[in-house]
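Heads up: the structure comes next, in structure tokens.
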Amino acid sequence: MVNKITWVNFLHIYQPPWQNEGVIDQISSESYEYLITLFEKYPNFRTSLNITGNLVEQLDNYRPDLIKRLQALVSKGHIELTSSSKYHALLPLLSKSEIQRQIELNQEVLAQYFDLDKIKGFYMPEMAYSDDVAKIVKKLNFEWIILDPINYKDDVVEDTLYIHKKTKLKIAFRNRTISKAYPAEVIYKKLKKNAPAETIVTGSDGEIYGHFHEDWQGHIEKVLANKNVELQTVGKYLSSLDQVKKISLRDASWESLPTELSQKIPFALWNDPKNKIHKSLWKLVSLATKLIDKYKEDKNWHWARNHLDRGVSSCTFWWASGKKPSDFSPLTWNPDMIDNGAEELIKAIRSLDSASAKDKIKAEKIYIDIKKNTWTDHWNKYNKK
């Protein structure tokens, strides 16, 4: 007897708002087009997909053909879309009003291309969870979220419908170990060994297919062609469960480590109290937010607001952490990415005619500290010769 595997696959795709056309075209060809072609080739391929509003706009500018093909796959039910934060902001680190703004900006973009009524799931960027974010997600009428098991203090039991006590949101938990590997290869090996039947929930960056990882052995196609694999969306999977357990959740992300949680640093890759660049970046975010809230009548307010929205992209902070979260992750250090994010933040303040010289000089000093520390660290620690 051949045992079957149910694969519940969640993919997230995103590019920072300042990403240039050449890089987007490269990643689109290596990964996004590759995935879309697989969906078209294998009618049984089902997945839940988060594509940020920012990336939708970028693809519409540079690869509109992919948007049209994606729309067709969504309309046929091959892809279940979720919502998120437009610029991939790490939501737990923002104020409640900023959290809601990022989500609503994302909804505005998705509404131009897809049917919002069919979008029931929500992806918290980096699976970074907090109760405040969950409450806003629920208020905006989403029904389910996907998280890493580290958000739950106990072991996750397969095929159990977890419900968040405070918000009644349904929760799907990914398998961290398989998700941080190359899921298609792991599943292929299980099939080859005729491993026991099981349901595998994975959640990963879509770019691991073709961009971060070249599947030269064709594991993904071998899995998709195997009749003993059933592919499901997260929404369908959750609706099939009847064993309910109500739980509480703790702040963490899909990259959080138990040691970090014990030190009460749940989002260390984006806000590490020992990281001087992180501290300066968040000072600049705080000042920009304060001034933009204060000067809403400024003639350049919309420009300033847009720069802040883009500047809080998680990449601004992630690339300043200097760590190696997983096998498929690069070293989280890129001074150009830090520069790009910091520049958006300082432009938010520079754009405001109403802001005082005192506030602008304060901002410039913080900005200079970021530049100085970034490039000093780069040449002394990461590119020393």
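Throughout, read-outs are computed from the coordinates displayed, never taken from laboratory work. Just so it is clear, the model here is predicted, and its values are computed rather than measured. Methodologically, a virtual Cβ is constructed for each residue, glycine included, from the backbone with ideal geometry; neighbour enumeration extends over all protein chains shown.
Assign one of three labels to segment 320-385, namely rounded, prolate or oblate, based on the Cα gyration tensor with a ≥ b ≥ c the square roots of its eigenvalues; rounded applies when a/c is under 1.5, prolate when it is not and a/b is larger than b/c, and oblate otherwise. Judged from the Cα gyration tensor, segment 320-385 comes out prolate (a/c at least 1.5, a/b above b/c).
Put the Cα centre of segment 254-307 next to the Cα centre of segment 174-237 and the gap is 35 Å. Pairwise Cα distances in segment 269-382 exceed 17 Å for 52 percent of all pairs.
Can you flag which of Lys41/Lys222; Lys276/Lys296; Lys76/Lys118 are past 23 Å Cα-Cα?
Beyond 23 Å between Cα atoms: Lys276/Lys296.
For the chain, adding -39500 (n - 2.57) for each run of n ≥ 4 DSSP H residues and dividing by the number of residues yields -12500 deg cm²/dmol at 222 nm.
Multiply the residue gap between Glu221 and Asn3 by 0.36 nm, knock off their C-alpha separation, and tell me the result in nm, one decimal place. My answer for the length gained is 76.6 nm.
Going down the table (Lys324/Lys371; Lys180/Lys290; Lys96/Lys264), which pairs top 26 Å between alpha carbons? Over 26 Å apart, Cα to Cα: Lys180/Lys290. Taking a ≥ b ≥ c as the square roots of the Cα gyration tensor eigenvalues, segment 233-327 comes out oblate, since a/c reaches at least 1.5 and a/b does not exceed b/c. The aspartates and glutamates within cross-link reach of Lys294, meaning a Cα-to-Cα straight distance under 18 Å and a gap of 8 or more places when in the same chain, are Glu98, Asp309, Asp353, Asp359.
Segment 314-377 and segment 66-137 have Cα centres lying 25 Å from one another. For segment 57-92, backbone nitrogen atoms closer than 18 Å to the point 7 Å from Leu116 Cα along Cα-to-C-beta are found at 57, 81-88. Amide hydrogen proximity for Val201: with H placed 1.01 Å from N in the peptide plane, the residues at 5 or more positions away or on another chain lying under 5 Å are Val8, Asn175. Listed by chain and number, the aspartates and glutamates whose alpha-carbon sits under 13 Å from that of Lys193, ignoring those within fewer than 8 places in the same chain, are Glu185.
Using equal-weight Cα scatterers in the Debye expression, the normalised intensity of segment 103-178 in log10 at q = 0.17 Å⁻¹ is -0.69. Per-residue 3J(HN,Hα) values for segment 282-299, derived from phi via the Karplus relation 6.51 cos²θ - 1.76 cosθ + 1.60 with θ = phi - 60°, read 6, 4, 5, 4, 4, 5, 4, 5, 4, 6, 5, 5, 6, 10, 5, 8, 4, 5 Hz in sequence order (x marks Gly and Pro).
Counting only C-alpha contacts under 8 Å and six or more residues apart, can you give the relative contact order of the chain as a whole percent?
Answer for the chain is 19 percent.
What do you get for Rg/Rh of the chain when both radii come from the Cα atoms and Rh is the Kirkwood radius? Over the Cα atoms of the chain, Rg/Rh equals 0.97. If you take the square roots of the eigenvalues of the alpha-carbon gyration tensor of segment 1-138 and sort them as a ≥ b ≥ c, do you get rounded (a/c under 1.5), prolate (a/b over b/c) or oblate? Here segment 1-138 falls in the oblate category.
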